[in-house]
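S.K.: Before we start, here is the structure in question, set down as structure tokens.
The values are calculated or read from the model by the stated rules, or taken from the named source; none is laboratory data. All figures in this text were calculated on a predicted structure; none of them were measured in a lab. With ideal geometry, Cβ positions are generated from the backbone for all residues, glycine too; neighbour counts draw on all protein chains shown. Surface accessibility is based on the protein's heavy atoms, side chains included, excluding ligands, DNA and RNA. Shrake-Rupley method; radii C 1.70, N 1.55, O 1.52, S 1.80 Å.
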Amino acid sequence: MQAATNTKKAFDIDRIRQDFPILQQTVNGKPLVYLDNAATSQKPQVVIDALTRYYTEQNSNIHRGVHYLSQLATREYEGARVKIQKFINAAEEHEIIFTRGTTDSLNLVALSFGRKFVKAGDEIIISALEHHSNIVPWQMLCEATGAKLRVIPINDAGELLLDEYAALLNARTKLVAVAHMSNALGTINPVKRIIELAHAQDIPVLLDGAQAAPHLKVDVRALDCDFYAFSGHKLCGPTGIGVLYGKSELLNTLPPVQGGGDMIASVTFEKTTYNTLPHRLEAGTPHIEGGIGLGVALDYLTVIGLDAIAAYEQELLDYATETIGAIKGVRIIGTAPEKASVLSFVIGGVLDGIHPHDIGTILDQEGIAIRAGHHCAQPVMQRFGVPATARASFAFYNTKAEIDALAEGIQKAIEVFA
């Protein structure tokens, strides 16, 4: 009882919403209802304050200076790396590579791992649920090397077909790269089983955690994944900062894909000796305030608790699925039992329905922000025979009252286009 009371006390939605100044504003004369969290999350005041503090009290380049400000900024930046290590339960802080975001992390692996280990005739496995950022880098690698891209199909609910995945694994498979959670449908993939099947044949697995990390408690050692990529801006942190986690033994085999400052131990005209991890894979001056801000964001989320966040967001998703799904003419795209925080839908048929962009425009007039389009997942749209969907995506600062407002907005859209 005490634990439940503490959880309820910690998850005070009214108090949490006060932490986000942007949620207090009106849009088109209506209270803002922000339901585009899969695209990017809003930022709590503590993160905004951290960015201001960096530029007013700490700004300096890191790792190179002996003066006070450089030492201070270095300590803050490397402290953020340790916070990230703990947030995902990585074994070592040098397993945390700062990048510009999930896309940058995925491209880093494709370029570096691909350059070292993939050749003509090899195969890379992805899934039909992927964001373009976990498709295009592998297509580019296959075009450059002569390797082949294999795709795990999905069923009508938006779930991966594991039997067909198992059948794709073979001696030519060099890497499995799949989303932990679909950005278009919200499906949570059975990544633990996916990793077990791949590892049984000594095949490494990369997880695209862009959508999962903000909503699920991630433990890279429990998952036993080889790489895990995610973005700061979806975790209440700044844009332009992201993370690639990799096991030490794998990261140590990867050649740098960018050369420059900080990634070297010594340079002569005859030879360059590279730095140790993580700096070997982080060329140039990094996004210092972004890293520090991400660390503060993770502190904020940790105090609330990822388990509490996941439970609350599941309540929101269940309520939204029931409420929006009950509206006549609405078809929910993606009905997997294991889902989180994403509700994709269309209204009417492909030819006689309301285009998602029109739905988004009507909702915007009501102060409601959703995403309309293919969500950088065009193969998913093709699989379900739609050009686009309207997508409401939830965060722990949303409320059931906002879902009611969304339902009213959808009804207005239906009335306008009837």
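S.K.: Only residues that are surrounded by 17 or more Cβ atoms within 10 Å (Cβ to Cβ) and in contact with a strand residue (DSSP E or B) (Cβ under 6 Å, 6 or more places away or on another chain): list them for the range 354-368, please.
M.R.: Answer for the range 354-368, where residues must be surrounded by 17 or more Cβ atoms within 10 Å (Cβ to Cβ) and in contact with a strand residue (DSSP E or B) (Cβ under 6 Å, 6 or more places away or on another chain): Ile354, Pro356, Ile359, Gly360, Glu366, Gly367, Ile368.
Residues are listed down the side, and each one gets a yes or a no for (1) at pLDDT below 95; (2) open to solvent by 20 Å² or more (accessible area, probe 1.4 Å); (3) part of a strand (DSSP E or B):
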position: Arg64; (1), (2), (3): yes, yes, no
position: Leu69; (1), (2), (3): no, yes, no
position: Ala73; (1), (2), (3): no, no, no
position: Glu76; (1), (2), (3): no, yes, no
position: Ala90; (1), (2), (3): no, no, no
position: His94; (1), (2), (3): no, yes, no
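S.K.: When you check Leu149 against the structure, is it over 21 Å from Leu343 (Cβ atoms) and either of a type in the set (Asp, Glu) or assigned to a helix (DSSP H, G or I) (or both), yes or no? Walk me through it before giving the result.
M.R.: Numbers: over 21 Å from Leu343 (Cβ atoms): yes; either of a type in the set (Asp, Glu) or assigned to a helix (DSSP H, G or I) (or both): no.
Considered against the rule, which asks whether it is over 21 Å from Leu343 (Cβ atoms) and either of a type in the set (Asp, Glu) or assigned to a helix (DSSP H, G or I) (or both), Leu149 comes out as no.
S.K.: For the range 109-141, give me the residue count where each residue is of a type outside the set (S, T, N, Q), over 18 Å from Ala212 (Cα atoms), open to solvent by 20 Å² or more (accessible area, probe 1.4 Å) and part of a helix (DSSP H, G or I).
M.R.: Number of matching residues: 6.
S.K.: Another question about this same structure. Among the residues of the range 180-225, write down those that are of a type in the set (A, V, I, L, M, F, W, C), assigned to a loop (DSSP other than H, G, I, E, B) and under 19 Å from the mean Cα position of the chain (by Cα). Working first, answer last.
M.R.: Restricting attention to the range 180-225, the residues satisfying the condition of being of a type in the set (A, V, I, L, M, F, W, C) are 181, 184-185, 188, 191, 194-195, 197-198, 200, 203, 205-207, 210, 212-213, 216, 218, 220, 222-223, 225.
Add one more test, that the residue is assigned to a loop (DSSP other than H, G, I, E, B), and what stays is 184-185, 200, 203, 210, 212-213, 216, 218, 225.
Scanning the range 180-225 gives Ala184, Leu185, Ala210, Ala212, Ala213, Leu216, Val218, Cys225.
S.K.: Given the conditions (1) closer than 23 Å to Gly385 by Cβ; (2) open to solvent by 60 Å² or more (accessible area, probe 1.4 Å); (3) in a helix (DSSP H, G or I); (4) among the polar types (S, T, N, Q), report the number of the one that Gln314 does not fulfil.
M.R.: Against the list (1) closer than 23 Å to Gly385 by Cβ; (2) open to solvent by 60 Å² or more (accessible area, probe 1.4 Å); (3) in a helix (DSSP H, G or I); (4) among the polar types (S, T, N, Q), Gln314 comes up short only on (1).
S.K.: Another one. Could you list, ordered by first residue, the pairs with Cβ atoms under 7 Å in which the first is in the range 290-306 and under 24 Å from Asn61 (Cβ atoms) and of a type in the set (Val, Ile, Thr) and the second is open to solvent by 10 Å² or more (accessible area, probe 1.4 Å) and assigned to a helix (DSSP H, G or I), at least 6 apart or interchain?
M.R.: Within 7 Å, the pairs are Ile292/Glu76; Val296/Val46.
S.K.: So, Ala320, is that one assigned to a helix (DSSP H, G or I) and either among the aliphatic types (A, V, I, L, M) or buried (at least 17 other Cβ atoms within 10 Å of the Cβ) (or both) or not?
M.R.: Working: assigned to a helix (DSSP H, G or I): yes; either among the aliphatic types (A, V, I, L, M) or buried (at least 17 other Cβ atoms within 10 Å of the Cβ) (or both): yes.
Here the answer is yes, as Ala320 does meet what is asked.
S.K.: For the range 251-306, how many residues are under 18 Å from Ala80 (Cα atoms) and of a type in the set (S, T, N, Q)?
M.R.: 2
S.K.: Here's another thing I want to ask about it. I need a count of the residues in the range 205-223 that are touching a residue at least 60 places away in the same chain (Cβ under 8 Å) and surrounded by 20 or more Cβ atoms within 10 Å (Cβ to Cβ).
M.R.: Of all residues in the range 205-223, those touching a residue at least 60 places away in the same chain (Cβ under 8 Å) come to 206, 208-222.
The next check asks that each one be surrounded by 20 or more Cβ atoms within 10 Å (Cβ to Cβ); those that pass are 206, 208-215, 218, 220.
Final tally of qualifying residues: 11.
S.K.: Let me ask you something else. Which residues, taken from the range 163-177, are closer than 23 Å to Gly334 by Cβ and crowded, with 24+ Cβ neighbours inside 10 Å?
M.R.: Val176, Ala177
S.K.: Can you find a residue that is assigned to a helix (DSSP H, G or I), touching a residue at least 24 places away in the same chain (Cβ under 8 Å) and either more than 30 Å from Phe20 (Cα to Cα) or open to solvent by less than 10 Å² (accessible area, probe 1.4 Å) (or both) anywhere in the range 226-238? Don't jump to the end; show me each part of the working.
M.R.: Keep residues of the range 226-238 that are assigned to a helix (DSSP H, G or I), which gives 233-235.
Checking the rest, the ones that are also touching a residue at least 24 places away in the same chain (Cβ under 8 Å) come to 233-235.
Narrowing further to those that are either more than 30 Å from Phe20 (Cα to Cα) or open to solvent by less than 10 Å² (accessible area, probe 1.4 Å) (or both): 235.
Yes: the range 226-238 contains one or more residues that are assigned to a helix (DSSP H, G or I), touching a residue at least 24 places away in the same chain (Cβ under 8 Å) and either more than 30 Å from Phe20 (Cα to Cα) or open to solvent by less than 10 Å² (accessible area, probe 1.4 Å) (or both).
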